[in-house]
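A.B. asks: Mind having a look at this structure? Questions to follow.
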Amino acid sequence: MFRGGFRPRDSLSGMSLLRGAASRRPDPEPLELDDARVVAGGTALWLVALVVLAVADLLGADVHGWWMAMCGCGIALGLLGLRFVARRKAAVRAR
C-alpha cells in the first residue's frame, strides 16, 4: 500500500483534524481600533524618517535620494489613508 514503509500518522490524518474542530474554542471578537490614529502614527514615522535623512544629508552623510523619495511616498500614502479612513468612518456611521 505505502512504498518504503511510510505510513501517515493518525495525528496528521484528515479525521483527526475534523475531530479537533468540534472541540475548538470560538473565535474572539475583533478589536476595535481607532484607524485614524494608527494611520496617523505610521505617517508621522515616515515624516520623522524624512527629517532624519534630510538632516543627515545636510551634515554630509551619504544619503541616497531614493530613500528620501520613499519617505515622501510613505507620507503621501499616509495622507491618502487618513482620507480613506475618514470617509469609511463616515460611511459606517451613515448606515
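A.B. asks: Being touching a Ser or Thr at 6+ places or on another chain (Cβ under 8 Å) and either more than 17 Å from VAL39 (Cβ to Cβ) or touching a residue at least 12 places away in the same chain (Cβ under 8 Å) (or both) is true for just one of LEU79, LEU58. Which residue is that?
C.D. replies: Result of the check over LEU79, LEU58: LEU79.
A.B. asks: Whether any residue in region 34-47 is exposed (fewer than 12 other Cβ atoms within 10 Å of the Cβ) and among the aliphatic types (A, V, I, L, M) is what I want to check.
C.D. replies: no
Laboratory data are not the source of any read-out in this text; all were calculated from the coordinates shown. Note that the structure is predicted; figures quoted are calculated from it, not measured. Here Cβ is always computed from backbone atoms with ideal geometry, including for glycine, and neighbour counts include all displayed protein chains.
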